[in-house]
Amino acid sequence: MINKTIVERILLVDDSKTLAKLISLKVKSELKIEIDVAYSLSEAELFSKKYSYTLAILDLNLPDAPNGEVVDVMLKKNIPSIVLTGSVDKEFRKVMLKKDIIDYIYKGGIHDIDYLIDIIKRLLKNRHHKVMVVDDSSVFRNQMKKMVGNLFFQVYALAHGEEALLILEENPDIKIIITDYNMPVMDGLELTKAVRKKYTKNQLSIFVLSSTEDSDISAMFLKQGANDFINKPFSKEEFSCRLNNAIEALENIDTITHYSSRDFLTGLYNRRHFFTVMEPYFVEAVNRDEEFMTAMIDIDNFKSINESYGHDIGDQMIIHVSELLRSNVQYQDVVSRFTGDEFCLVLKETTREKSIEILERIRQRIALTPLVLASGEEVFLTVSIGAALEHDNSLNDTMSEADAQLHHAKTTGKNKVCSV
């Protein structure tokens, strides 16, 4: 037996050499994934013995398999499959869609090839997302688990709403919940209400699947926060499109939120988002009598360095310092770029002594780690740091004190940590 080489790759099975070459080039250039091309079922079987495949793209009319036999062969080998065919026979299409294929695409022109590439991109992204299926019917639950899994999502399948809430508590990164209405213990409507107490529509999408024909039920769900309502029975293609559209919408919202809260150059929190995050934390920390250190950090002599080397190198310096800051703090700490070469750092749940130790280590690390330019030249930088632990009054007062300590550090020699 030939050992399979475990590499992410795609198998294309099509007897049209022109089309196969076009698809192969697009997959390699746009997806950066290896692709093997077979022109017959027998060639495809040889490839499948040698490699493991992420998915297969299959034509239904092959010289040695004229009636779509390749689909059953690939599915039997547990290779997720997309059908790309010129066949317009509607009944044959229905037969194929009853199988566990990912999609059925007509190869009518270049736009269909573009759609194929988009579908593959979507599938690869879906692997990073979690979907929960909640239905008391084990048969339907398993069908849905398979259908959602075919779209490359990570799937959790539960029998009722109460169990779903427990899993959601353990997996807060679940992005989509697909739920039935009528269930024991906690039905779909109660689940929807409970989920919406913690997650907005922009954070988690809720799909309701129900066999009811009562329009009042669908309206009730939508008013309580469901994103979509689909009546059973439904088209597999329609469901797949809606599910992919839902996750894409959530991704777009995440992207917009990311860019609105992050500094464009460094990826750190921007000043506005820093205050959004820190103001409620400040109140909670004071109430809990929790110590935290706020530090203002500034690159020494940045203006003259920037003028000497140019703004592009100046940007590299800011990125260089931001990466050193981020890599020398804990995950719960907050690092933000305020303006220009000025940063703000909050060290949470720490003592004064520990905070000063961390800030001193950061100062030394920056001073000893040069920025290496494309020319090979090493540029050494230093930073001044002002820190404040006292936070009895307000976040602004604490930051003003840290800023005053930063000014003291700058005017008394630079490359030092001053604190109060």
Report task. State whether the residues of the range 190-201 include one that is assigned to a helix (DSSP H, G or I) and of a type in the set (Phe, Trp, Tyr). Result -> no
Query - Residues located in the range 85-106, provided they are open to solvent by 70 Å² or more (accessible area, probe 1.4 Å) and aromatic (Phe, Trp, Tyr) - result: TYR106
Report task. Could you run through the range 59-84 and say how many residues are under 28 Å from the mean Cα position of the chain (by Cα) and exposed (fewer than 13 other Cβ atoms within 10 Å of the Cβ)? Result -> 1
Query raised in the report: Among THR351, THR382, THR398, which is the only one that is touching a residue at least 60 places away in the same chain (Cβ under 8 Å), open to solvent by 20 Å² or more (accessible area, probe 1.4 Å), over 15 Å from ASP300 (Cα atoms) and among the hydroxyl-bearing types (Ser, Thr, Tyr)?
Result: THR351
Query raised in the report: Hey, any hits in the range 160-178 for a residue that's of a type in the set (A, V, I, L, M, F, W, C), exposed (fewer than 15 other Cβ atoms within 10 Å of the Cβ) and in contact with a helix residue (DSSP H, G or I) (Cβ under 7 Å, 6 or more places away or on another chain)?
Result: no
Report summary line: The residue that is nearest to the chain's Cα centre (by Cα), considering only those in the range 250-274 that are aromatic (Phe, Trp, Tyr) and open to solvent by 40 Å² or more (accessible area, probe 1.4 Å), is TYR259
Report summary line: For the range 120-148, pairs from a residue that is in contact (Cβ under 8 Å) with a residue 60 or more places away in the chain and open to solvent by 70 Å² or more (accessible area, probe 1.4 Å) to a residue that is among the hydrophobic types (A, V, I, L, M, F, W, C) and outside any helix (DSSP H, G or I), with Cβ under 9 Å and 6 or more apart or across chains, are LYS125/PHE152
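Somewhere in the range 207-225, is a residue under 18 Å from LYS175 (Cβ atoms), among the aliphatic types (A, V, I, L, M) and in contact with an Asp or Glu (Cβ under 8 Å, 6 or more places away or on another chain)?
yes
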Report summary line: Taking the range 10-49 and the residues there that are under 18 Å from VAL70 (Cα atoms) and basic (Lys, Arg), the one that is most open to solvent (accessible area, probe 1.4 Å) would be LYS17
Query raised in the report: Given the conditions (1) among the aromatic types (Phe, Trp, Tyr); (2) exposed (fewer than 15 other Cβ atoms within 10 Å of the Cβ); (3) under 30 Å from LYS410 (Cβ atoms), and given that PHE234 satisfies all but one, which numbered condition is not satisfied?
Result: (3)
Report summary line: The number of residues in the range 204-261 that are in a strand (DSSP E or B) and at pLDDT 90 or above is 8
Query - the range 310-340: number of residues that are touching a strand residue (DSSP E or B) at 6+ places or on another chain (Cβ under 7 Å) and either under 16 Å from LYS416 (Cα atoms) or open to solvent by 50 Å² or more (accessible area, probe 1.4 Å) (or both) - result: 4
Query raised in the report: Can you list the strands (runs of 3 or more DSSP E) found entirely within the range 1-115 that contain at least 2 residues being in contact with a helix residue (DSSP H, G or I) (Cβ under 8 Å, 6 or more places away or on another chain) and acidic (Asp, Glu)?
Result: 34-38
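The values are calculated or read from the model by the stated rules, or taken from the named source; none is laboratory data. Computed from a prediction, not measured in an experiment: that's the story for all the values here. In this analysis, Cβ positions are derived from the backbone assuming ideal geometry, glycine residues included, and neighbour counts consider all displayed protein chains. Note: areas computed on protein heavy atoms with side chains; ligands, DNA, RNA excluded. Shrake-Rupley method; radii C 1.70, N 1.55, O 1.52, S 1.80 Å.
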